[in-house]
Amino acid sequence: MADGQPYIVKGVCYNPIPIAKNHEYDWWSDPKKPWLVDGKLMREMGVNTIRLYQVNENMEGVKTVIRDLYEKYGIRTIIGDWLGFWEYPCPFYGDAKFRERIKKQVLDLVTALKDEPGILLWILGNENNYSCIGTVNRWSSEEIDKEPDPQKQKAMRAKTYYSFVNDIAKSIHKLDPNHPVALGNGELVALEYANTAAQDVDLVACIIYRGKTFGNLFRSLRATFDKPILLSEFGADAYDAYLKKEDQNTQAFFLESQWRQIYENLAGQKNGAGNCLGGTIFEWTDEWWKHNPDNPEGWSAHDTEAGWSSGSYYFDIKAPGNMNMNEEWFGMAALSKDASGSLDIRVPRKAYYVVREFWKKPDLNNKKKKVKK
């Protein structure tokens, strides 16, 4: 609910990195104020929410972005925190001092932003659960290392991590009872442990790439960890790695298919799971730095080399080595360099218009019920 009305999240993941810059660029302080140009385009599309994975340390700059988007365009903001996931050499969720520092960081963030009218909810973590099963940024502790069974080690890590998230969620609820707290999770992996360790989170923010359909996601979540779900990262890239050319048609087709399933599983729909709150598409604009994050020479080129593989995106899975996922091509809007040095030109792709038209269709969840006399 927002302002007393049912609220379906129709959002995008937002990180407006300009051409020739990388993730370290402080766009919050950019005098060109990209969020004003983007906000106008988003409003015209029907976007009502953006998702920010992590915010800048300059809280006044963050507040300016949140206020501008909300006051000028009616767009609310989801605030996230990585929970130290990308710290080198790895996050140490088994270490009390590490947990204490990260928790303070999050609570300071909530304290600073909780009274902003444009805030929608908080997301804790993103795909941090993968560090528990050992696939990304694996961590451990002396107690876990003493356990000889690898499967039991994974369970111990998952319980430790989800208990940590739950502790932060409870503290946020005391500070800010007005905004929900979400558990950011890659797929549904390890959520059976969250079911016992993280019952104080309000919803699951799920990162999922299953192609044009989410399959049994919604009903599986009901059976595993019965909380509402926000699709906090999903989408399709606009490059065909097999034919080696841009493919706006397939991107648009996949996104409309995904949104159709989101709508089918909203609360109040007869045939769906009834546990979906909407979603935030990955992503608003292309990011030219992603394929070569440590090589400045690559940030000025729109790279067409895929970074990973997924058979769910079947249209170009026959690319060499089955490498078909192009991180630099997920934008609803492409970027084009402005020769005058102004803000990069935003060029909405076909998916922008297709999703816009889909969102305009009558929302069955909000139809007025006939009152019996």
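Read-outs: derived from the displayed coordinates by stated rules, not from any lab. Please read all numbers here as calculations on a predicted model, not as lab measurements. Note that we place each Cβ from the backbone using ideal geometry, even for glycine, and neighbour counts take in every protein chain shown.
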**Fill in**
Under the rule rounded for a/c under 1.5, else prolate if a/b exceeds b/c, else oblate, using alpha carbon gyration tensor axes a ≥ b ≥ c, segment 191-340 is classed as prolate
**Label-point gap, in nm, between Ser342 and Asn295 - each point 7 angstrom along Cα→Cβ** = 3.3 nm
**Message:** Could you sort the peptides 148-155, 103-110, 5-12 by per-residue average Cβ neighbour count (10 Å cutoff), highest mean leading?
**Reply:** 5-12, 103-110, 148-155
**Segment Val136-Ala223, length gained on full extension (0.36 nm per residue, minus Cα span)** = 28.7 nm
**Asked** Where nothing but the Cβ of Lys and Arg (+1) and of Asp and Glu (-1) is charged, how large is the charge dipole of the chain around its Cα centre, in debye to the nearest 20?
**Response** 2080 debye
**Request:** Pairs to check: Lys103/Lys159; Lys270/Lys360; Lys146/Lys170; Lys10/Lys270; Lys170/Lys227; Lys32/Lys337. Give those whose C-alpha atoms are more than 24 Å from each other in this structure.
**Result:** Lys146/Lys170
**Message:** Please list, by residue number, every one of the GluC sites (Glu not before Pro) in segment 52-159 that is coil in DSSP and has at most 16 other beta-carbon atoms within 10 Å.
**Reply:** Glu57, Glu87
**Cα gyration tensor category, rounded, prolate or oblate, for segment 1-150 with a/c compared to 1.5** = prolate
**Rough spin-label spacing in nm, given labels placed 7 Å along Cα→Cβ, for Ser257 and Lys152** = 4.4 nm
**Request:** With the Cα gyration tensor of the chain in hand, convert its eigenvalues to equivalent ellipsoid semi-axes via √(5λ) and list them largest first in whole Å.
**Result:** 30, 26, 23
**Item:** Which of Asn56, Cys13, Asn324, positive extreme of dipole for the chain (C-beta unit charges)
**Value:** Cys13
**Request:** Would you work out which of Met156, Gly307, Phe214 lies farthest towards the positive end of the dipole of segment 9-366? Charges go on Cβ: Lys and Arg +1, Asp and Glu -1.
**Result:** Phe214
**Message:** Checking the a/c ratio against 1.5 first, then a/b against b/c, what shape does the Cα gyration tensor give for segment 97-216?
**Reply:** oblate
**Asked** How much net charge surrounds Asp226 when only the other residues with a Cβ under 13 Å from the Cβ of Asp226 are counted, with Lys and Arg +1 and Asp and Glu -1?
**Response** +1
**Message:** Taking R0 as 45 Å, what FRET efficiency do you get between Gln54 and Asp145 from their Cβ-Cβ distance, rounded to the nearest 0.05?
**Reply:** 0.90
**Asked** Straight-line reach from Lys318: which lysines have a Cα under 30 Å away, not including same-chain ones fewer than 8 places off?
**Response** Lys212, Lys244, Lys245, Lys290, Lys350
**Request:** In whole angstrom, note down how far apart the Cα centers of segment 87-137 and segment 9-56 are.
**Result:** 21 Å
